[in-house]
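Everything on this sheet refers to the single structure shown next.
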Amino acid sequence: MLRMGRLILWILILCIFLPYPNGVAQLHLTYKQNKSLSYTQCIAGYSALAKEYPQHCRLLTYGTTDVGKPLHLFVVSGDTLFEPEALQAEGYPVLMVMNAIHPGEPDGVDASFKLATDFLQQPKLLQLLQKAVLAIIPFYNVDGALYQSPYHRSNQNGPESCGFRGNGRHLDLNRDFTKADAANTRTFHEIFHTWKPDFFIDNHVTNGADFQYPFTFITSQVDKLNPSLGAYVKERIVPAIFQSMQSAGKPVVPYVNTYKSTPSEGIVDFMDTPRYSTGYANLFNTLGFVAESNKYKPFPVRVEYTYQFMLTVLQVMVKERERWNAVRKNAQMKTMQQKEFPLSWKLDTTQYAMLDFKGYETRYRKSQLTGTEMIVYDTTAPITQKIRYFNRYIPQQVITKPSAYIIPQAYGDVAQLLRLNQVRLERIAKDTVLNVEVYYITDYQTVKSPYEGHYLHYDVNIRKELQPIRYHTGDFYVPLGQNKDRFIVEVLEPQAPDSYFCWNYFDGVLMQKEWFSDYRFEETAIEILEKNPALKQSFEQKKAADPAFAKDGFQQLYFIFTRSPYYELSHNRYPVARKIN
Ligand SMILES: [Zn+2]
């Protein structure tokens, strides 16, 4: 017994003092046992790598998350360059990878840790990062990753246990990129604008249809990218990724977002508006990808596809480095010069490519449980068929950018979000009156139940008016002509789908503040009509044409009130004004 005790003691001592303990050395293979690395294991693993290979990697921490822990960033560099500004000056592109935004979909956690380990342990592989950098966020939704269960992802084929989609505030972080309710998001803004990634991958696992491929991916919608970037991505980058995956023996298809109910009827490019990771990234001319492995395939297979995808994107980025740098630089310049910006898009159903798609026969069958018809993917009957791939979008609403936006300092929270995104803000030096273009919100819809912590607005209509507005010392002046213009327009134009207006940052103006008492206002209303014959005429016309109005005393007084100087100009007036010249 004593001998055995001594042996155990020696093993323990060896485990503690060996520079690379056995447990950590095998961590990158954990996925093979249908297990995903826990937060603690994974951060300990990156920490061990950072100690073992200090020349080539760093484990950094930033800010905080809603669960009080920081966000980690693990950076791998082939030639020991770790300063973001130096990397940008040298033209070394950065691939940033985000994992576990949905911690129930942890494939990227394990694939990224294996990729980092392989880079550091295999000098030949590390050569790929001679003039490029890989920056990994091991866990983005740390909060959800700490909440483990086997029941978080129904019918997902492994791992045994996984995290939860919501974060500490029960938010889906992949809807939070502009509204930025979560501390995780605000910390990410800092990381993103410090490292200014060239390429960005957000790792997920699908829901929905089944098909033969273990892996699919979304590319930032190319029509929505800056035009100089869009053509290049569509013609060079994306085909290179598909070809390389094929050559590596891991063929993939675009994300299976069905046009109708099954892939046979065609698939549609996902429209990534700025609330989503890649929609946010591409506002800054960063090329985004959402990796979506197929939830019905075994976890170890999915991890290996996700690994291969990240390696492939990195290889393509490195190979294209010089051309990419020139194209992106041009896109940044074009963004500053661009006058018109589309705010919304519509799928072009007249254009599509044809894809060879390896799916399964689909049929409808009656559910044994509910007795209703349901679609079944017959995995015993694989088929290859040509399907339509709708991948073009047409701009709908287009606005002309102003020379500047002016934001009253009462909306300091909005200014703070702009600052976090490295938007240049100036302050108004003294109290002054400026002639500006203002929007009145004339109509809008609002969701009926809370959506991601908000009563989101949509279908917003406006009318414009030129008005003199009094500004105070310290109000915010946002000059356009920045390489952040696309972002500024998307968050400050109220009609944009993920604008701060739609996400309720300006709801105060939607409610009238000053009212009247009918029995006292009646006399005033009579006087107003007497002094204003045109108003009196339109009032009489409305009474004659609208019987309900003719019977409604309050509505008649309200009609006159809202056309009188008593009615506040600020009701429904969007507080951010546009400076036109
Ligand atoms: Zn997801």
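Quick rundown of the values:
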{"read-out": "Residues satisfying the stated conditions in the range 62-105, i.e. more than 30 Å from GLN127 (Cβ to Cβ) and more than 16 Å from the ligand (Cβ to nearest atom)", "value": "GLY63, THR64, THR65, ASP66, VAL67, GLY68, LYS69, PRO70"}
{"read-out": "Qualifying positions in the range 196-222 - closer than 23 Å to TYR352 by Cα and touching a Gly at 6+ places or on another chain (Cβ under 6 Å)", "value": "PHE211, SER220, VAL222"}
{"read-out": "Hey, THR278 polar (S, T, N, Q) and farther than 30 Å from GLN495 by Cα or not", "value": "no"}
{"read-out": "Near pairs, Cβ below 9 angstrom, 6+ apart or cross-chain, from the range 205-230 (touching a residue at least 60 places away in the same chain (Cβ under 8 Å) and of a type in the set (Asp, Glu)) to any residue that is within 12 Å of the ligand (Cβ to nearest atom) and in a loop (DSSP other than H, G, I, E, B)", "value": "ASP210/LYS295"}
{"read-out": "Contacts under 8 angstrom Cβ, first residue in the range 523-552 being surrounded by 10 or more Cβ atoms within 10 Å (Cβ to Cβ), partner β-branched (Val, Ile, Thr), 6 or more apart", "value": "ALA525/ILE560; ILE528/ILE560; LEU529/ILE560; LEU535/ILE528; LEU535/ILE560; PHE539/ILE560"}
{"read-out": "Any hit, the range 438-449, residues being surrounded by 15 or more Cβ atoms within 10 Å (Cβ to Cβ), in contact with a Gly (Cβ under 6 Å, 6 or more places away or on another chain), more than 30 Å from MET336 (Cβ to Cβ) and not β-branched (Val, Ile, Thr)", "value": "no"}
{"read-out": "Residues that are over 17 Å from LYS329 (Cα atoms), out of contact with any Leu (no Cβ under 8 Å at 6 or more places or on another chain) and not in a loop (DSSP other than H, G, I, E, B), drawn from the range 217-235", "value": "PHE217, ILE218, LYS234, GLU235"}
{"read-out": "Check on ASP118, away from the ligand (no atom under 16 Å from the Cβ), surrounded by fewer than 18 Cβ atoms within 10 Å (Cβ to Cβ) and in a helix (DSSP H, G or I)", "value": "yes"}
{"read-out": "Qualifying position, being in a loop (DSSP other than H, G, I, E, B), on the phi < 0 side of the Ramachandran plot and among the polar types (S, T, N, Q), among ASN157, ASN184, ASN174", "value": "ASN157"}
{"read-out": "Count of the range 159-203 residues which are of a type in the set (D, E, K, R), more than 16 Å from the ligand (Cβ to nearest atom) and under 14 Å from the mean Cα position of the chain (by Cα)", "value": "3"}
{"read-out": "Residue that is surrounded by the most Cβ atoms within 10 Å (Cβ to Cβ) [pool: residues in the range 204-220 that are within 12 Å of the ligand (Cβ to nearest atom) and within 15 Å of the chain's Cα centre (by Cα)]", "value": "HIS204"}
{"read-out": "Complete set of residues in the range 28-45 that are of a type in the set (A, V, I, L, M), within 18 Å of ARG302 (Cα to Cα) and surrounded by fewer than 24 Cβ atoms within 10 Å (Cβ to Cβ)", "value": "LEU29"}
{"read-out": "Boolean, VAL290 is assigned to a helix (DSSP H, G or I) and under 24 Å from HIS102 (Cβ atoms)", "value": "no"}
{"read-out": "VAL398 vs. criteria touching a strand residue (DSSP E or B) at 6+ places or on another chain (Cβ under 6 Å), among the β-branched types (Val, Ile, Thr) and free of Cβ contacts under 8 Å to residues at least 40 places away in the same chain", "value": "no"}
{"read-out": "Test result for ILE237, closer than 30 Å to ILE488 by Cα and more than 16 Å from the ligand (Cβ to nearest atom)", "value": "yes"}
{"read-out": "Those helices (runs of 4 or more DSSP H) lying entirely in the range 1-65 with at least 2 residues of a type in the set (A, V, I, L, M) and modelled with pLDDT of 95 or more", "value": "39-52"}
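So that you can scan it fast, the table gives a plain yes or no per residue for (1) small (Gly, Ala, Ser); (2) touching a helix residue (DSSP H, G or I) at 6+ places or on another chain (Cβ under 9 Å); (3) assigned to a strand (DSSP E or B); (4) touching a residue at least 60 places away in the same chain (Cβ under 8 Å):
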position: LYS334; (1), (2), (3), (4): no, yes, no, yes
position: THR350; (1), (2), (3), (4): no, no, no, no
position: MET354; (1), (2), (3), (4): no, no, yes, no
position: PHE357; (1), (2), (3), (4): no, yes, yes, yes
position: THR370; (1), (2), (3), (4): no, no, no, no
position: TYR389; (1), (2), (3), (4): no, no, yes, yes
position: VAL423; (1), (2), (3), (4): no, yes, no, yes
position: ALA429; (1), (2), (3), (4): yes, no, no, no
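The values are calculated or read from the model by the stated rules, or taken from the named source; none is laboratory data. Here the structure is a predicted model, which is why all the values come from computation and not from measurement. Virtual Cβ from ideal backbone geometry, glycine too; neighbours counted across all protein chains shown.
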